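**Q** Sharing a structure with you now.
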Amino acid sequence: DGGITQSPKYLFRKEGQNVTLSCEQNLNHDAMYWYRQDPGQGLRLIYYSHIVNDFQKGDIAEGYSVSREKKESFPLTVTSAQKNPTAFYLCASSIEGRDGETQYFGPGTRLLVL
Amino acid sequence: GQQVMQIPQYQHVQEGEDFTTYCNSSTTLSNIQWYKQRPGGHPVFLIQLVKSGEVKKQKRLTFQFGEAKKNSSLHITATQTTDVGTYFCAGKSGYSTLTFGKGTMLLVSP
């Protein structure tokens, strides 16, 4: 929300293809996250990064890969190994405040596998 | 691992009625946050609660954090059609990442 951009808004993929989802933030936040949202499933964490050149697997990392070469950017690649990639993908960034962390979400990318 | 359960999954109310969603964690939380996602949109941060027994209000919305810091609630008084959306709680314990509940979808009929 405000300062986080994701592209594209909609993405169509053929089975067997890798696709990369973009996430950029200009909020100077150290931490960035990727979530997957399916109907009735809430938000599930795919990968996260607390600092440049470092990232960690979340709860559902299989079939996905990320990189964090710049503070502002955290692209997500959905590989052909991901068996059910159709979903709404949300990127977030966060800053640690006095009382804890607040996450700010981008507008999301809807991925549809054809 | 940490689990955050949220109920109900779905609620349909008439405009003017009250609404409450409840959040329960399997572990003691350091803080809990609430987010709202409008249909077709993305989650937007509403509020964070940190202290045991804390109560915060935002106009018609009242947020509570339980004494044991394992549960929370969001209450909306006199719902309006603009309240439509899915409300998520998200909790954090220690150095863990934020764990989101599955959300409560609110539909308000005029």
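**Q** Taking a cut-off of 28 Å between Cα atoms, list the lysines near B:Lys51, but don't count ones fewer than 8 places away on the same chain.
**A** Straight-distance partners of B:Lys51: B:Lys36, B:Lys59, B:Lys69, B:Lys70, B:Lys92, B:Lys102.
**Q** Who wins for biggest fluctuation among A:Pro75, A:Pro85, A:Pro39 in a Gaussian network model of chain A, springs between alpha carbons below 10 Å?
**A** Between A:Pro75, A:Pro85, A:Pro39, it is A:Pro39 that shows the largest mean-square fluctuation.
**Q** If you don't mind, there's one more thing I want to ask. Put a dot 7 Å past each Cα toward the Cβ at B:Tyr10 and A:Thr79; how far apart are the dots in nm?
**A** Taking the simple label geometry, A:Thr79 and B:Tyr10 are separated by 3.7 nm.
**Q** Residues in the range B:83-109, backbone N under 19 Å from the label point at B:Val50 (7 Å along the Cα-to-beta-carbon vector): list them, ranges by number please.
**A** Those under the cut-off are B:90-99.
**Q** So if I take the centroid of the Cα atoms in the range B:1-46 and the same for the range A:77-105, what is the distance between those two points in Å?
**A** So the separation of the two Cα centres works out to 18 Å.
**Q** Determine the shielding of peptide B:37-44 by partner chains: average, over its residues, the number of Cβ atoms on other chains within 10 angstrom of each Cβ.
**A** Averaged over the peptide's residues, the number is 5.
**Q** A further question on this structure: With every protein chain kept in place and ligands, DNA and RNA left out, what is the accessible area per residue of chain A? Probe 1.4 Å, answer in Å².
**A** 50 Å²
**Q** Can you pull out the GluC sites (Glu not before Pro) in the range A:1-80 that DSSP calls coil and that have at most 11 other Cβ atoms within 10 Å?
**A** A:Glu15, A:Glu62, A:Glu69
**Q** Can you pull out the chymotrypsin sites (Phe, Trp or Tyr not before Pro) in the range B:70-110 that DSSP calls coil and that have at most 10 other Cβ atoms within 10 Å?
**A** Passing sites in the range B:70-110 are B:Tyr95.
**Q** Related question: Treating the beta-carbon of each Lys and Arg as +1 and of each Asp and Glu as -1, no other charges, what is the dipole magnitude of chain A about its Cα centre, to the nearest 20 debye?
**A** Approximately 440 debye in magnitude.
**Q** Cα to Cα, under 14 Å, and not fewer than 8 places away if on the same chain: which aspartates and glutamates meet these conditions relative to A:Lys70?
**A** A:Glu24, A:Asp30, A:Asp54
**Q** Residues of A:33-41, mean number of Cβ from any other protein chain within 10 Å of their own Cβ, rounded to a whole number?
**A** The shielding value for this peptide is 2.
**Q** May I pose another question? I want to make sure I understand the PRE zone here: with the label point 7 angstrom from the Cα of B:Ser109 toward its beta carbon, which residues in the range B:1-44 have backbone N atoms less than 17 Å away?
**A** Only B:10-19 pass the distance filter.
**Q** Mind ranking B:His75, B:His12 by accessible surface for me, highest first, 1.4 Å probe?
**A** B:His12, B:His75
**Q** Next up: Between A:Ala31, A:Ala81, A:Ala61, which gets the highest mean-square fluctuation from a Gaussian network model of chain A, Cα cutoff 10 Å?
**A** Ranking A:Ala31, A:Ala81, A:Ala61 by mean-square fluctuation puts A:Ala81 first.
**Q** Shielding of A:44-51 by partners, i.e. mean partner chain Cβ atoms within 10 Å per residue?
**A** Other-chain Cβ atoms within 10 Å of each residue's Cβ, averaged: 1.
**Q** So what's the gap between the Cα centers of the range A:36-67 and the range B:47-92, to the nearest angstrom?
**A** 26 Å
**Q** In whole percent, and with a 1.4 Å probe on the protein chains, what portion of the accessible area of chain B is carbon and sulfur?
**A** 54 percent
**Q** State which stretch of chain B is the longest one without any exposed trypsin sites (Lys or Arg not before Pro), exposure meaning a DSSP loop state and at most 13 other Cβ atoms within 10 Å.
**A** Longest stretch, sites excluded: B:60-110.
The values are calculated or read from the model by the stated rules, or taken from the named source; none is laboratory data. No experiment lies behind these values; they were computed from the predicted model shown. Because the Cβ atoms are built from the backbone with ideal geometry, glycine has one as well, and the counts that use them run over all protein chains shown. Side chains are part of the model used for accessible areas, which takes the heavy atoms of the whole protein and leaves out ligands, DNA and RNA. Shrake-Rupley method; radii C 1.70, N 1.55, O 1.52, S 1.80 Å.
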